[in-house]
Amino acid sequence: MSRIFLVLFLFTTYINSAQTPQKKEINDQAQTWISLNTVLKFNDRWGTMNDFHIRRTDFADKENFYFARTGITYSPYPKLTLAAGYAHLWLAPSKPEWSNFADENRIFQQVLYSSKIGNVSMLQRIRNEQRWQDKMVNDRAVDTRFTNRIRYLLSFTIPVFNDKKLPSLVVADELLMHFGKEVVYNSMDQNRIFIGIRQNINPKWSYDFGYMNVIQQKYSGYQYDSNHTLRLFFYFTGNTKDIFHHDHASGDE
């Protein structure tokens, strides 16, 4: 699966470079990205996923986006999970004099597969997104741009300590490619590299924290954003039995 995406990445990079002879322009930005990601299981196969994200620019001074996603999950096997659902993004104004957020609606489908190489945990995810984005002119939405985006995530969690309560090292990369009528010079939309730590808070809660570099190619093909991002993601995994059928506390805990 990863080889297929490597071939696609090399092909789209070649096409983009052939189409855009202009000198590359890179805009470096400092960002903060915080999210809450939850999985609630109804039974061994069915569940729901919900997450909410906040990203800010100039480290944390300015709004960049707010994002919410919800979906239904199905696990035919313990290591394989399928999901589909809806997401919405509120993108902050791109010019200082503007005040209105741009809306983006998404429908997504994804496949997630987890495995192990020795004591290293490996996670692979393919996510397909249909995106309807507001096109803003003079601080108002005048049209909608449709694109289809395919994402491939490869993530490794590497134990550093024998004590499982201590953090593990996380190294991950996600390639995002999109296609549509207006996508001419930038089939490779983004690449996201992350390195950091992951730690369990308790059996249901965990977090990862570290540095992410997001390279985003603009529609011009020669303009890029390089987002140096401080990332803090929280994760919750539970089931409905824990919520609706828990034992009552005695009050002495």
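The values are calculated or read from the model by the stated rules, or taken from the named source; none is laboratory data. What you see is a predicted model; the values in this text were computed from it and never measured. Positions of Cβ are generated from backbone atoms using ideal geometry, with glycine treated the same way; all protein chains shown enter the neighbour counts.
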Find the strands (runs of 3 or more DSSP E) located wholly in the stretch 49-120 whose residues include 1 or more that are out of contact with any Asp or Glu (no Cβ under 8 Å at 6 or more places or on another chain), within 30 Å of GLN29 (Cα to Cα) and of a type outside the set (S, T, N, Q), and list them. 62-77, 80-91
Matching residues in the stretch 159-182 - criterion: being of a type in the set (Phe, Trp, Tyr) and more than 19 Å from the chain's Cα centre (by Cα): PHE161
What number of residues within the stretch 112-151 satisfy the criterion of being under 20 Å from TYR77 (Cβ atoms) and either more than 14 Å from the chain's Cα centre (by Cα) or of a type in the set (Ser, Thr, Tyr) (or both)? 7
Which of (1) exposed (fewer than 15 other Cβ atoms within 10 Å of the Cβ); (2) assigned to a loop (DSSP other than H, G, I, E, B) is the odd one out, the single condition ASN27 does not satisfy? (2)
Out of the stretch 193-214, which residues are surrounded by fewer than 18 Cβ atoms within 10 Å (Cβ to Cβ) and of a type in the set (Val, Ile, Thr)? ILE193, ILE195, ILE197, ILE201
Candidates ASN162, ASN213, filtered to the one that is without any contact (Cβ under 8 Å) to a residue 12 or more places away in the chain, farther than 22 Å from LEU112 by Cβ and of a type outside the set (D, E, K, R): ASN162
Residue in the stretch 92-122 that is surrounded by the fewest Cβ atoms within 10 Å (Cβ to Cβ), counting only those that are aliphatic (A, V, I, L, M) and farther than 30 Å from PHE156 by Cα: ALA92
Only residues that are surrounded by 15 or more Cβ atoms within 10 Å (Cβ to Cβ) and among the β-branched types (Val, Ile, Thr): list them for the stretch 159-192, please. VAL170, VAL171, VAL183
Among THR81, THR32, THR48, which is the only one that is at pLDDT 95 or above and touching a Lys or Arg at 6+ places or on another chain (Cβ under 6 Å)? THR32
Looking at the stretch 139-159 only, could you name the residues that are free of Cβ contacts under 8 Å to residues at least 24 places away in the same chain and polar (S, T, N, Q)? THR144
What about ASP173, is it assigned to a strand (DSSP E or B), among the charged types (D, E, K, R) and more than 23 Å from HIS53 (Cβ to Cβ)? no
